[in-house]
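Take a look at the structure set out below.
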Amino acid sequence: MNIPRLVVAAPSSGAGKTTIATGLIAALAARGLAVSPHKVGPDYIDPGYHGLAAGRPGRNLDAFMCGPERIAPLFLHGAAGADVAVVEGVMGLFDGASGRGELASTAHVSKLLRAPVVLVVDASSQSRSVAALVHGFASWDPEVRLAGVILNRVASDRHELLLREALEEGSGVPVLGSVRRSAAVATPSRHLGLIPAVERSAEALRAVADMGELVAASVDLDAVLALARTAPPLTAEPWDPASEVAPLAAAAGAGVGAARPRIAVAGGAAFSFSYAENTELLTAAGAEVVPFDPLHADALPEGTAGLVIGGGFPELYVRELSANGQLRSAIAAFAASGGPVSAECAGLLYLGRELDGLPMCGVLDTSARMTERLTLGYREAVALHDSVLAPTGARLRGHEFHRTVCEPGAGERPAWGWRLPDGPRAEGFAGAPGAANIHASYLHLHWAGYPQLAAAFTAAAAAHRAG
């Protein structure tokens, strides 16, 4: 399949990748093009802005969690029907999973996609040195095709002239645009990065529109499209959730083709972290997926047979979540009845006794609080006990990202074991002895890398409905 595409990278975090990538998506969409947005790595927030700009879901491409072999298929699945695809990188161009070389880096993904790279350079504190920087990035790995530069945070016409002259003389990489400093496109941040688009509503729409207007006025979009069209065809087959999960679902007893078990998936401002493929896999496994917002719903969707509560920011809505006693009681009753529950990070906090001193659902015997310490990184995990997600001994790769702590951090039946620099650690909750219907952990999982999770969970929901 031949989908025009490019990767937006930078020498380091903070150079303005998200602003430029989102602006490119919005500017190209404003031309009437169908733009497919993608993000390298596990980030949930940037794809929210990409999705607003494109009018279709932003999707992640994570070679650590999903495996390098799935990157091109997942890209083709997400980009189906698109005229062009924009892939925003993560961190610096060559920064990947710690201690694993290029794995999961922007450079790695660009090679897997055979996509040209556009380097966003923060030019605010340099002039001729920009040529040395770009030359170094262009020559570091000959398999990475660094094909253009967008200068960001340029101060003046004179500053732009100096930058362009240096790059023309010393790098051989064409300048595709020069973006001036602009307060209009500033996106507010807090403890885990940008404030998610779902929380900002009209503000986020305005910010995305401003990014698109800024990029359209500052970047040669025709040159960008011409560059994207130089990407060669990909020989991979598009990822297909049905073919991934149907045999597994049948083996797990999910009952594909029978009455579909209803799986409620938490969403809204407090639980906005999710991967589109997770829901697609549940649907392909035979589930009817129904979203609900714990900030506003006073009960689970009627007929709920399984409950998924993903990540997000419950600490910012702790008073509202705590005040919604009807829903908390309904969730506790569902769990007590044996209903299968899968909870990640924010979901873990919500299922505990309390968060920052306020009552939560009380399903798990743990209490959570905010801290100043950021816990961040990829994890290789092994399931320590059977659960509704995975059998004992299953090995998976995931991502941890939070500023909270649970005390205790693991139950009598821990969900996972993993090894950190300070030694091995047991983490999370895989239910109680004889009642392994709950799986709650800080670990974020991308189910496209492990479709058996969707099959197992849907089978558990079908069994609970039948029971």
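Using modelled backbone amide H atoms (1.01 Å from N, in-plane), which distant-in-sequence or interchain residues come within less than 5 Å of Ala432's amide H?
Correct list: Asn437, Ile438.
Excluding Glu380 itself, what net charge comes from residues whose Cβ is under 15 Å from its Cβ, given Lys and Arg +1 and Asp and Glu -1?
Details: positive: Arg100, Arg379, Arg395, Arg397, Arg419, Arg425; negative: Asp62, Glu400, Glu427.
My count for the surroundings of Glu380 gives +3.
Could you work out how far apart the two model spin labels at Ala202 and Ser156 are, taking each label as a point 7 Å from the Cα in the direction of the beta carbon, and quote it in nm?
Simple spin-label model gives 3.9 nm for this pair.
List the residues, sorted by chain then number, that are 5 or more residues from Glu288 or on another chain and whose placed amide H is less than 5 Å from its amide H.
Those qualifying (amide H under 5 Å, at least 5 residues apart or on another chain) are Arg262, Ile263.
Write out the GluC sites (Glu not before Pro) in segment 75-158 meeting two conditions: DSSP loop, and at most 16 other Cβ atoms within 10 Å of their Cβ. Before the final figure, lay out each step's value.
Values: sites: Glu88, Glu102, Glu143; in loops: Glu102, Glu143.
Sparse-neighbourhood loop GluC sites (Glu not before Pro): Glu143.
Of the DSSP beta bridges with both residues in segment 50-193, give the percent that are antiparallel, rounding to the nearest 5.
Working: 1 of 11 bridges.
Expressed as a percentage, antiparallel bridges in segment 50-193 total about 10.
Nearest 0.05, what FRET efficiency do Arg373 and Asp222 give at R0 = 35 Å with Cβ-Cβ as r?
Values: r = 47 Å, r/R0 = 1.35.
The pair Arg373/Asp222 has a calculated efficiency of 0.15.
Dipole of the chain, Cα-centred, from +1 at each Lys and Arg C-beta and -1 at each Asp and Glu C-beta, to the nearest 20 debye?
On the way: 36 positive and 45 negative charges, 20 e Å.
In debye, rounded to 20, the chain gives about 100.
Using a 1.4 Å probe on the protein chains only, how many percent of the accessible area of segment 348-422 belongs to carbon and sulfur? Please report the intermediate quantities before stating the final value.
On the way: 1740 of 3530 Å².
That share works out to 49 percent.
Any idea what the alpha-carbon Rg over 2.2 N^0.38 Å comes to for segment 252-363?
Working: Rg = 13.7 Å, N = 112, 2.2 N^0.38 = 13.2 Å.
After normalising by residue count via 2.2 N^0.38 Å, the value is 1.04.
If you take the beta carbon distance between Ser182 and Ala466 as r and set R0 to 60 Å, what does 1/(1 + (r/R0)^6) give as a FRET efficiency, to the nearest 0.05?
Values: r = 58 Å, r/R0 = 0.96.
With a Förster radius of 60 Å, E is 0.55.
Express the accessible area of the chain per residue in Å², computed with a 1.4 Å probe while the remaining protein chains stay in the model.
For the chain, the solvent-accessible area averages 38 Å² per residue.
Rounded, prolate or oblate: pick one for segment 368-410, where a ≥ b ≥ c are the square roots of the eigenvalues of its C-alpha gyration tensor, a/c under 1.5 means rounded, and failing that, prolate if a/b is larger than b/c, else oblate. Provide the component values of the computation, followed by the final result.
Working: a/c = 3.60, a/b = 1.76, b/c = 2.04.
Oblate is the answer for segment 368-410, as a/c is 1.5 or above yet b/c matches or exceeds a/b.
Return the long-range amide H neighbours of Gly41 (sequence gap of 5 or more, or a different chain), with a cut-off of under 5 Å between placed amide H atoms.
Residues meeting the amide H criterion: Leu61, Asp62, Ala63.
Based on Cα positions only, what radius of gyration and what Dmax would you give for segment 319-467, in angstroms?
Gyration radius and largest Cα-Cα distance of segment 319-467: 14.9, 45 Å.
Can you pull the percent of segment 28-96's accessible area that's carbon plus sulfur, 1.4 Å probe, other chains left in place? Can you show the working numbers first?
Working: 940 of 1770 Å².
It is 53 percent, rounded to a whole number.
Within 14 Å, Cβ to Cβ, of Arg425, how many net charges do the neighbouring residues add up to if Lys/Arg are +1 and Asp/Glu are -1? Present the calculation step by step, with values, prior to reporting the outcome.
Details: positive: Arg379, Arg419; negative: Glu380, Glu400, Asp422, Glu427.
Net local charge, Arg425 excluded: -2.
In whole angstrom, how far apart do the alpha carbon centroids of segment 402-456 and segment 97-120 sit?
The two parts, judged by their Cα centres, are 29 Å apart.
Please report the antiparallel percentage of the DSSP beta bridges confined to the chain, to the nearest 5.
Working: 29 of 73 bridges.
Counting DSSP beta bridges with both partners in the chain, the antiparallel share is about 40 percent.
Evaluate 2.2 N^0.38 Å with N set to the residue count of the chain, then give the Cα radius of gyration divided by it. Walk me through the numbers on the way to the answer.
Numbers: Rg = 22.8 Å, N = 467, 2.2 N^0.38 = 22.7 Å.
Taking N as the residue count of the chain, the ratio is 1.00.
Under the classification rounded if a/c is under 1.5, otherwise prolate if a/b is larger than b/c and oblate if not, where does segment 9-123 fall, given a ≥ b ≥ c as square roots of the Cα gyration tensor eigenvalues?
oblate
Computed over the Cα atoms of segment 1-75, what is the ratio Rg over Rh, Rh following Kirkwood?
Taking Rh as the inverse mean 1/r over Cα pairs, Rg/Rh reads 0.96.
The values are calculated or read from the model by the stated rules, or taken from the named source; none is laboratory data. A quick note: this is a predicted structure, and the numbers were derived from the prediction, not measured. Positions of Cβ are backbone-derived with ideal geometry, glycine not excepted, and every protein chain shown enters the neighbour counts. Heavy atoms of the whole protein, side chains included, go into the accessibility calculation; ligands, DNA and RNA do not. Shrake-Rupley method; radii C 1.70, N 1.55, O 1.52, S 1.80 Å.
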